[in-house]
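Novice: Could you have a look at this structure, given as C-alpha cells, before my questions?
Each reported figure results from applying straightforward, stated rules to the coordinates on display, with no laboratory input. Computed from a predicted structure; not experimentally measured. All Cβ positions, even for glycine, are placed from backbone atoms using ideal geometry, and neighbour counts span all protein chains on display.
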Amino acid sequence: MEDFRTIEVSEVVIAHSGRTDVLISRFGENLKGGISVTRMEERWTLHRLFYSA
C-alpha cells in the first residue's frame, strides 16, 4: 500500500493506492494436466473517499 493520507478532522490514515498480487493453485481429479496455477495482479487507487463516524 502506498500514498497514506490522513482523513480531514480525524486521526484516521488510509492508503489511497496500492498493489495486490495473488497466486491461485488448483488441483484434483477434475484437472487433466495436473496442478493449475493462476497469477492475478491488481493495482488500485482511491480517487474519492467519504468518511462518516
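Novice: Out of the residues in the stretch 3-26 meeting the condition of being of a type in the set (D, E, K, R) and either more than 12 Å from the chain's Cα centre (by Cα) or farther than 30 Å from residue 37 by Cβ (or both), tell me which one is surrounded by the most Cβ atoms within 10 Å (Cβ to Cβ).
Specialist: Of everything passing the filter in the stretch 3-26, 5 is surrounded by the most Cβ atoms within 10 Å (Cβ to Cβ).
Novice: I'm trying to understand the selection: among the residues of the stretch 27-44, which are within 24 Å of the chain's Cα centre (by Cα) and small (Gly, Ala, Ser)?
Specialist: Of everything in the stretch 27-44, just one residue is within 24 Å of the chain's Cα centre (by Cα) and small (Gly, Ala, Ser), namely 36.
Novice: If you scan the stretch 5-37, which residues turn out to be closer than 30 Å to residue 47 by Cβ, charged (D, E, K, R) and in contact with a strand residue (DSSP E or B) (Cβ under 6 Å, 6 or more places away or on another chain)?
Specialist: Those that are closer than 30 Å to residue 47 by Cβ, charged (D, E, K, R) and in contact with a strand residue (DSSP E or B) (Cβ under 6 Å, 6 or more places away or on another chain): 5, 19, 21.
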